[in-house]
Each structure stands twice: as C-alpha cells, then as structure tokens.
Amino acid sequence: VYLFAALDPTVSARNNWSSTLHLLNGNATPSNTEFSRAWKQHYEGISRANDVIDNVGNVPGMSQELSAQYMAEAKFLRAYFYYRLNCLYRGVPLYLTTTPVSEFNKPRNTEAEVWEAIINDLTDVINEPNIPGRYVAGDPNYGRATKGAAYALRGKTYLWMNEYKLAEQDFKEVLKMGYSLFEGGYKELFKDANEQ
C-alpha cells in the first residue's frame, strides 16, 4: 500500500524505491496493483472500525469506560484510513456504519465531505475522557490512539482544507500533550536507544 506514498505529502520510505519506479517514471498501468490494494486494505480497516463503533457498547461485562476508549480508538483508525484514501483519491464513498460487503456500492462523496467526516471522528477522539494525551515510552499501551495523535491528524486534515489557523491550533495542542521533536542526528532516530 505504501509503495507509492513517496509521491504524496505524507512521504513514507518503508520500501525500496526501485519497487516504485513505474510510479516515479510515470508509466504505471492498470496491471500495477498498488492502487487497488490501497483501496481494498483501507476499506477493510474502515469496515472493521465501523464494526467496533457500532457494536462495542453491546459487549457483555465490558465497562462503559473501556467501551468508550475502544470506540474512540476505532474512530481514530477510521479517520486515519479515510485520511489516506482522501489524500490519494480526493473523494471516496463514506461508510460510517457497519455495511455488508455486498452493499459496498455507494457513489463517491466529495473531498470536502470526507474531510468533514475525518474532522468529526477526530474531534470525538479528542473529546473522549478515556483517551490519554499520550503514552510514554515503555508504557504497555504505547502505540494506541491518543489525543496527541488525534490533534496531529486533525491538524494535517485542516491543512488539506486550507484551514491554517485551525491546523496551527491543533499542532500547538500536540505540544501541550507532551510530544516534542527529536533533536538528535537523523540516523540516531532509528537506533534501539531511541525506540519509542
């Protein structure tokens, strides 16, 4: 999925650049599978997130707090998947409830409608009291959705919407959550000592 992320504003160099030469050279064809795989994998994630959002409140014996946390985490993931799709396709079908695969046939929503759905989900995450601002390194929950991550993703979404003041406000909130930029040498960022 992320082979062609080197071409978008959220650059990812996870894979060998040679595997994206057809994209970099402008000679990709319909037989290249990056685009269909991205579509499939992101909608699978959206479908799973919708399932959690719609059903986590019905799990017997689960506390209301844990249910709210899981729902917010699922909304963060749904927002992330829609963010990636909207960056790539500029308007995709929105599915915000559990939907059988046989009914995945809606027309595209506009780019603006998708951005708005992302903003709504991330705002819900930010407003959920059972989601922490951040997890510190070594915390067993490290890697789960946090308010800081939701502010960062919402800020990036606002940038796409040309809402620069709102983006700036969200990025300032990220700092208030205790996040900071890595100040070491670039190569050092990838050493075991700097994991997390």
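The values are calculated or read from the model by the stated rules, or taken from the named source; none is laboratory data. Treat the numbers as computed from the prediction; the structure is a model and nothing was measured. Here Cβ is always computed from backbone atoms with ideal geometry, including for glycine, and neighbour counts include all displayed protein chains. For the accessible areas, the whole protein counts, side chains as well, though only heavy atoms, and no ligand, DNA or RNA atoms are used. Shrake-Rupley method; radii C 1.70, N 1.55, O 1.52, S 1.80 Å.
Descriptive notes on the structure:
- Bridging of Lys165 to lysines at a Cα separation below 25 Å is possible for Lys75, Lys147, Lys156, Lys176, once same-chain residues fewer than 8 apart are set aside.
- Entry comment: accessible area of the chain is 59 Å² per residue, from protein heavy atoms only and a probe of 1.4 Å.
- Rg to Rh, two decimals, where the chain supplies the alpha carbon set and Rh follows Kirkwood: 0.98
- Listed peptides 55-61, 101-107, 119-125, 69-75 appear in the order 69-75, 119-125, 55-61, 101-107 once ranked by packing, highest mean of other Cβ atoms within 10 Å at the front.
- Packing, as the average of other Cβ atoms within 10 Å across residues, places the peptides 90-98, 184-192 in the order 90-98, 184-192, highest first.
- Förster-model FRET efficiency, 35 Å R0, Ala112 and Glu195, C-beta, rounded to 0.05: 0.35
- Heavy-atom accessible surface of the chain: percent carbon and sulfur, 1.4 Å: 54 percent
- Relative contact order of the chain, pairs being alpha-carbon contacts under 8 Å that are 6 or more residues apart, as %: 15 percent
- In Hz, Karplus ³J(HN,Hα) per residue of the stretch 182-196 (6.51, -1.76, 1.60; θ = phi - 60°; x = Gly, Pro): 6, 9, x, x, 3, 4, 5, 4, 9, 8, 3, 4, 10, 4, 6
- Helix-derived mean residue ellipticity, 222 nm - over the chain, DSSP H n ≥ 4, -39500 (n - 2.57), to 500: -16000 deg cm²/dmol
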